[in-house]
Amino acid sequence: MSAAFDEAAFEAFLDSIRTTAAERERERRLLGPQLAELRELGFTTLRVPAERGGDPVSLERLFALLIRLAAADPSLAHIQRGHLAFVESLRVQGADAPQLWWDRVLAGDFVGNAQSERQETARLETRISRDGDELRLSGTKYYTTGSIYADWIHLSALDGDERVGVTVSAHQDGVRSVDDWDGFGQPLTGSGTTTFDAARIDADDIVPPQTDAARWHHLGSVYQLTLLAVIAGIAQRALDDTVDFVRPRRRTFGFAGETLPREDPLVQLVVGELSVAAATARRLVLSVAAELGRATDGEVDAGELQELQLEVFRLQEVVPALVLDATTRLFEVGGASAVGAGPALDRHWRNVRTIASHNPVIQRTRAVGQWELNGTLPDWKAPGA
């Protein structure tokens, strides 16, 4: 798994999954085979440090590859989020990160994410129980993106009255993920229910509460930038699908005879808007990814990472709005035929709208305003005891 990443093989893989992505969504065929092939290509190992056995790429390049993956299949790109953040958390630990976890990542193990619960309040109910040296985990999580595909699941739980992080093997009878995600977009991310019924855990895999501000700024940025990269990829795919839809058409609504839509100035305008949205979204994401990578490759400065987290917050206002508008406007290129199930152009808006709802944009924009006025970020507290 630590061999140099083969760009040509990756591109061939994208070509093989691109044309069937809409069909998989319609038929709700989960992405196990596609993820297995992606893992074989070494995509999930791309940030393992050289001194730990990897052949790492920069954070900017990783996000460039993620955008391309999202353009081929946005759900397949989205399910990388928890794994990529987990790997970045190992990198932040530096020399303290256990080699065992690097070996697992290099072997192709995939890590899912399970933080949220469907409770009336934000209180955690997932708990660790102790019986001598034996540790067990019980609880139910929802929005567990990627966990249905995972070898390991990283989640939040209560250890007594203390909120901790814990990583659990998914390959045991006490762990079960169900594909009951009922959102109208991103249907193949496995973002449904995962239950833990006295699941075995190792004491070494419990992470106590973190007080390192730099770590939280970094990981918060990675989590959100990953979603924005998926949106940027969807924007590119929306452009590609719209161009493919328009080019062969020979008639335009309201005109007799043969009138090529690709020569219609109004159609050209809409396609131009899509092109601008896709290119702008990509450049914005990669520019911040490059800065974030540089800020964490050397000596980490909490203040610099806080500023970069604010940049990510700003992108959360700009990128989803830009792409949502473009994926709504694209239907102007073809009249009623553009809304057919065959072209499936509607899936781009649905997928972006779903991703943009994961962390409400208005909260992020308000946080930027508070920073400008008062010089403080909101205290983003995870639900705890």
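The values are calculated or read from the model by the stated rules, or taken from the named source; none is laboratory data. All values derive from a computational prediction rather than experimental measurement. So basically every Cβ, Gly included, is an ideal-geometry build from the backbone, and we count neighbours across all protein chains shown. The area values use the complete protein model at the heavy-atom level, side chains included, leaving out ligands, DNA and RNA. Shrake-Rupley method; radii C 1.70, N 1.55, O 1.52, S 1.80 Å.
Taking a Cβ cut-off of under 9 Å around residue 45, the surrounding Lys, Arg, Asp and Glu residues balance to a net charge of +1, with basic ones at +1 and acidic ones at -1.
For a quick protection proxy, order the peptides 55-64, 322-331 by their average other-Cβ count within 10 Å, most packed first.
Details: 55-64: 19.8, 322-331: 21.3.
Listed from highest to lowest mean packing, they are 322-331, 55-64.
Note that region 105-201 presents 43 Å² accessible area per residue, ligands and nucleic acids not counted, probe 1.4 Å.
First check a/c for the chain, with a ≥ b ≥ c the square roots of the eigenvalues of its C-alpha gyration tensor; if it is under 1.5, answer rounded, and if not, answer prolate when a/b is larger than b/c or oblate otherwise. Write down the numbers at each step before the final one.
Working: a/c = 1.78, a/b = 1.64, b/c = 1.09.
It comes out prolate by the Cα gyration axes.
Annotation for region 103-211: trypsin sites (Lys or Arg not before Pro) lying in DSSP loop with at most 12 further Cβ atoms inside 10 Å of their Cβ are 118, 123.
With an 8 Å cut-off on Cα pairs and a minimum separation of 6 or more residues, tell me the relative contact order of region 258-385 in percent.
Numbers: 74 pairs, mean separation 34.1, N = 128.
It comes to 27 percent, rounded to a whole number.
Could you give the length gained on full extension between residue 9 and residue 283, defined as 0.36 nm per residue of separation minus the Cα-Cα distance, in nm?
On the way: separation 274, 0.36 × 274 = 98.64 nm, distance 2.45 nm.
Contour length minus the Cα-Cα distance gives 96.2 nm.
Relative contact order, whole percent, for the chain stands at 17, derived from Cα pairs under 8 Å and 6 or more residues apart. Note on surface exposure: 273, 40, 299 rank 299, 40, 273 by accessible area, highest first, 1.4 Å probe.
Seen through its C-alpha gyration tensor, with square-root eigenvalues sorted a ≥ b ≥ c, region 6-67 comes out prolate because a/c lies at 1.5 or above while a/b is bigger than b/c. According to the square roots a ≥ b ≥ c of the eigenvalues of the Cα gyration tensor, what is the shape class of region 166-294, taking rounded for a/c under 1.5, prolate for a/b larger than b/c otherwise, and oblate for the remainder? It is oblate, given that a/c is not under 1.5 and a/b is not larger than b/c. Accessible area of the chain with a 1.4 Å probe: how many percent of it is carbon plus sulfur? Carbon with sulfur: 51 percent of the solvent-accessible area.
Extending 7 Å from Cα along the Cβ direction at residue 136 and again at residue 123 yields two label points whose distance is 2.3 nm. What is the calculated FRET efficiency for residue 300 to residue 336, with r their C-beta to C-beta distance and R₀ = 51 Å, to the nearest 0.05? Rounded to the nearest 0.05, the efficiency is 0.40.
Secondary-structure-derived ellipticity at 222 nm for the chain, considering helices only, amounts to -16000 deg cm²/dmol, per-run term -39500 (n - 2.57) for DSSP H runs with n ≥ 4.
Which helices count as membrane-span-like in the chain under these terms: full DSSP H, at least 15 Å along the axis by C-alpha, Kyte-Doolittle mean of -1.0 or more?
Helices meeting the criterion: 7-18, 59-72, 81-93, 213-246, 265-297, 302-329, 361-374.
Between residue 29 and residue 357, the C-beta separation translates, for a Förster distance of 25 Å, into a calculated FRET efficiency of about 0.60. For residue 201, the solvent-accessible surface with a 1.4 Å probe is about 20 Å², rounded to the nearest 10.
Figure note: 158, 284 ranked by solvent-accessible area, largest first, 1.4 Å probe, ligands and nucleic acids not counted: 284, 158.
Cα centroids of region 202-239 and region 82-118: 12 Å apart. The solvent-accessible area of residue 89, taken with every protein chain present and a 1.4 Å probe, is close to 10 Å².
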